[in-house]
Amino acid sequence: MRVAKFCKRNIEATEAGEVINILQRDYQGIVEPKTVGCFKRCLECRVTPFCRIQLTTIEAKNVNALVEKIIETVNERS
């Protein structure tokens with residue numbers, strides 16, 4: 001199982017919180033979403049939902065695209 005880390009401020013500013021809900025509901029055992037402190041990406045933070053899996057930052061324009069990219073990344077690294 002991979003851990004997807006989400007910036008607390010990004011969750012507050014974008015739809016990233018919905019991504020966490022989808023991952024917890026539909027992808028249990030595959031991805032474990034965690035909320036962490038600030039990622040220091042302030043310019044992107046207010047605009048685009050994103051997360052980190054290991055050292056890779058994954059971002060997308062909307063919730064569904066981010067979920068798809070997260071699952072693709074997890075499957076590639078498994």
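When the residues of the range 29-61 are narrowed to those that are at pLDDT below 95 and of a type in the set (S, T, N, Q), which ends up most open to solvent (accessible area, probe 1.4 Å)?
Step by step, filter the range 29-61, then rank; the result is Q54.
Identify all residues within the range 44-57 that are over 11 Å from A16 (Cβ atoms) and either assigned to a strand (DSSP E or B) or among the β-branched types (V, I, T) (or both); write none if there are none.
Result: V47, R52, I53, T56, T57.
Please list, ordered by first then second residue, the pairs with beta carbon atoms under 7 Å, 6 or more apart or interchain, first in the range 1-23 and closer than 13 Å to V67 by Cα, second hydroxyl-bearing (S, T, Y) and not in a helix (DSSP H, G or I).
Filtered contacts from the range 1-23: F6/T35.
Could you grab me the full set of residues in the range 64-78 that are crowded, with 18+ Cβ neighbours inside 10 Å and closer than 13 Å to T14 by Cβ?
Matches in the range 64-78: L66 only.
Within the range 23-43, is there a residue that is closer than 26 Å to S78 by Cα, in contact with a strand residue (DSSP E or B) (Cβ under 8 Å, 6 or more places away or on another chain), part of a helix (DSSP H, G or I) and of a type in the set (A, V, I, L, M)? Full working, then the answer.
At the first step, the residues of the range 23-43 found to be closer than 26 Å to S78 by Cα are 23-36, 39.
Filter once more, so that each one left must be in contact with a strand residue (DSSP E or B) (Cβ under 8 Å, 6 or more places away or on another chain): 23-24, 30-36, 39.
After this cut, where a residue has to be part of a helix (DSSP H, G or I) as well, the list is 23-24.
If we keep only those that are of a type in the set (A, V, I, L, M) too, we end up with 23.
Yes, that holds for at least one residue.
The values are calculated or read from the model by the stated rules, or taken from the named source; none is laboratory data. Note that the coordinates shown come from a computational prediction; the quantities given were computed from them, not determined experimentally. Positions of Cβ are generated from backbone atoms using ideal geometry, with glycine treated the same way; all protein chains shown enter the neighbour counts. Surface areas here come from the heavy atoms of the whole protein model, side chains and all, with no ligands, DNA or RNA. Shrake-Rupley method; radii C 1.70, N 1.55, O 1.52, S 1.80 Å.
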